[in-house]
């Protein structure tokens with residue numbers, strides 16, 4: 001682990017603490033597809049200034065640090081939170097897309113895609129090498145393209161909402177790997193234009209007290225089954241804030257309650273708290289409020305009952321997605337990657353490089369099966 | 001603490017472990033109203049065979065042990081759980097009432113009421129001394145009357161459902177204090193008749209596979225806004241099981257979400273899991289299912305929004321109840337008791353011995369206030 005202390009410029013005592021706290025984890029599966037990388041470790045937790053998901057890579061001829069993507073705090077009320085946070089600065093509203101966060105970087109001769117937790121994902125890396133022009137990295141060798149990976153062919157967050165059959169990258173931040181320093185919104189736009197990246201849509205630029213306009217944007221996104229907004233300081237000096245639509249809160253709940261054995265209680269409570277504050281702030285009429293309550297009740301009960309029915313039929317509760325691989329080698333590597341993640345899964349190979357990935361939700365399945373067989377509950 | 005080891009007949013090493021694990025807590029506030037008791041400690045957790053809530057009392061001339069009321073496991077599905085648990089034995093359906101569990105015992109010359117956690121509650125003790133004929137204890141000096149304390153004038157679980165303006169006791173178990181051995185259902189009925197105790201209603205005695213009849217009982221209770229059923233072995237050899245109505249699940253949620261800062265995530269998840277299994281088992285039509293979902297959504301959002309509105313008006317979120325004291329001394333003692341419990345409260349004295357008790361829910365209030373002032377959320 002010597003190279004980590006060296007890459008991060010840690011003092012001896014800091015390096016000792018890092019070891020003691022035991023927060024370093026393997027970040028990749030060694031494989032010719034990852035030819036440029038000799039070793040790589042990720043931070044499972046925050047350590048000092050280094051965010052969870054920070055990765056340190058020992059390449060053939062260099063050491064690289066890519067910082068974890070910072071947590072974005074949330075506004076539960078638009079008013080007065082946006083004003084309080086941004087003061088007199090211009091606020092840019094960007095669409096918050098529903099996919100998974102990846103940092104695309106260059107190491108040696110190739111691109112690599114790093115997930116939120118700091119793992120190098122073979123599937124996403126393959127897509128990045130196909131879809132992303134690496135010209136950008138000649139000019140910005142140590143930068144990260146922070147993108148949302150979105151579409152139906154997603155191993156982590158499959159979604160139909162955007163009409164994307166496979167997987168695409170939407171750029172939302174450009175950051176220096178070692179410092180996590182972002183470029184301004186205007187620079188990001190220039191970069192996207194120059195190198196041909198798709199941007200997460202910039203919806204508006206507003207004054208921080210124009211809550212009426214912000215509400216309109218949120219309501220429109222909600223109607224279109226979109227996830228929400230990230231509010232950004234145009235200069236990227238202040239940290240961003242996020243805000244989600246009712247559609248997103250409720251579809252998160254739908255997901256969590258289908259796999260209630262796996263997904264945390266915290267997860268559930270936080271979503272209904274969002275709904276309550278939104279309902280309070282948007283001052284909806286009785287009819288709209290009833291609709292929200294009905295949707296909420298359904299988002300909770302329907303997926304649970306669906307899972308119970310599956311177990312009743314003798315099936316395991318699974319999350320399914322369909323992926324498309326360019327190369328069979330990468331598929332094999334991806335299986336090893338899923339094992340590294342500790343995921344319990346089955347893969348069915350279809351035609352044309354397509355595979356069906358089933359993540360087995362054992363905790364939910366086991367609990368339901370026990371109850372169906374007459375077990376009591378504490 | 002020597003008297004505890006002596007009362008429980010603990011070996012030296014067991015006594016050492018008890019000390020080490022630090023699970024003994026003060027069980028009462030010393031006061032002339034509790035004249036018979038010199039010292040009393042309760043078990044905050046299970047220890048060996050001793051249930052959480054077990055209390056050991058040093059009286060003037062004796063040592064007394066009253067075991068904690070055993071946890072009753074729950075059926076999430078009636079079929080096949082009841083059959084699996086009770087096999088060929090006769091199953092007695094008792095109404096599970098919505099109040100708080102107290103064990104009424106005699107120590108020295110007086111009655112004492114012990115709450116679930118093992119505290120001697122002055123308010124409940126005062127009511128027990130007024131309402132319970134202590135003749136029973138001449139015949140059964142070391143037994144406990146396990147009762148549900150129910151009514152509007154309840155410091156812990158105030159309810160209107162039973163039409164009881166003050167507080168009444170409903171006997172559901174008679175147990176030997178030291179062994180926790182219950183008497184049979186038939187003996188309990190005889191005791192209630194002989195000494196004039198009100199029983200928690202015995203609704204039916206059924207065969208363990210008569211799920212259709214059990215469902216009818218549950219549905220009727222649900223319509224009458226009742227809490228649920230406790231299933232008991234007529235001989236009280238097997239442990240009881242419990243099952244709650246949708247009304248109870250949802251009113252629990254209503255309570256928990258009003259005080260979402262205080263009440264555990266576990267609490268919430270378990271209630272919706274009950275609703276899901278019940279909806280699955282009762283095979284309701286679409287209309288009924290939608291009604292259940294709407295009620296569930298409302299049970300979650302309405303109380304949260306109510307709490308937000310209260311904070312918006314500058315109030316603290318509180319739980320209110322109205323109590324009636326026979327003696328001003330007991331009121332003073334009750335205040336000390338609430339402090340021992342760590343409850344943040346205000347008391348307003350009304351007329352005729354009545355007081356208004358407000359429990360202040362600081363965590364919920366503080367979190368909401370922060371958000372109303374523009375704080376962000378993790």
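No value in this document is a laboratory result; all are computed from the given coordinates. On a predicted model such as this, the values are computed, not experimentally measured, just so you know. Cβ sites come from the backbone with ideal geometry, for glycine too, and all protein chains shown count toward neighbours.
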Along Cα→Cβ at 7 Å, what distances in nm separate the residue A:139 label point from those on the other copies, shortest first?
-> 9.5
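Write down the Kirkwood hydrodynamic radius of segment A:247-312, to one decimal in angstroms, obtained as one divided by the mean of 1/r over all alpha carbon pairs. Kindly include the intermediate steps, with their values, before the conclusion.
Values: mean 1/r = 0.0806 Å⁻¹.
In segment A:247-312 this quantity evaluates to 12.4 Å.
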Report, please, the projected area of the protein assembly as shown averaged over directions, based on the convex hull of its C-alpha atoms, in nm².
-> 37.7
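Please compute, for peptide B:288-299, the average count of beta-carbon atoms on other protein chains lying within 10 Å of each residue's beta-carbon. Could you put the intermediate results ahead of the total?
Details: counts 0, 5, 3, 2, 3, 10, 8, 3, 8, 16, 7, 3.
Averaged over the peptide's residues, the number is 6.
Using alpha-carbon pairs under 8 Å, 6+ residues apart, how would you state the relative contact order of segment B:40-106 in percent?
Working: 55 pairs, mean separation 12.3, N = 67.
Reported relative contact order: 18 percent.
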What does the average come to when, for each residue of peptide B:247-257, you count the partner chain Cβ atoms lying within 10 Å of its Cβ?
-> 1
Sort shortest first the distances from residue A:204 to its counterpart in every other copy, using label points 7 Å along the Cα-to-beta-carbon line, and give them in nm.
-> 5.8
For residue B:350, place a label point 7 Å out from Cα along the Cα→Cβ vector, do the same in each other copy, and report the separations in nm, one decimal, smallest first.
-> 6.7
Segment B:284-378 shape via C-alpha gyration tensor axes, a/c threshold 1.5 = oblate
For residues of B:300-311, the mean tally of beta carbons on other chains within 10 Å = 4
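Let's test the formula: R0 of 35 Å, r as the Cβ-Cβ distance of residue B:17 and residue B:71. What FRET efficiency results, to the nearest 0.05? Could the numbers behind the result be given before it?
Details: r = 22 Å, r/R0 = 0.62.
Efficiency, rounded to the nearest 0.05: 0.95.
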Looking only at segment B:304-333, which residues have a backbone nitrogen under 17 Å from a spot 7 Å from the Cα of residue B:347 in the C-beta direction?
-> B:319-333
Each label point is 7 Å from the Cα along the Cα-to-Cβ direction; what then is the distance between the points at residue A:35 and residue A:2, in nm?
-> 2.8
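R0 = 30 Å: FRET efficiency of residue B:332 with residue B:225, Cβ-based, nearest 0.05?
Numbers: r = 36 Å, r/R0 = 1.19.
So, using R0 = 30 Å, E works out to roughly 0.25.
State, as an integer percentage, the relative contact order of chain B based on alpha-carbon contacts under 8 Å between residues 6 or more apart. Write down the numbers at each step before the final one.
Values: 665 pairs, mean separation 56.8, N = 378.
The normalised contact order for chain B reaches 15 percent.
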Which shape class, rounded, prolate or oblate, goes with segment A:1-149 when its Cα gyration tensor gives a ≥ b ≥ c as root eigenvalues, a/c under 1.5 marks rounded, and past that a/b bigger than b/c marks prolate?
-> oblate
Could you line up B:126, A:95, A:39 from fewest to most neighbouring Cβ atoms inside 10 Å?
-> A:39, A:95, B:126
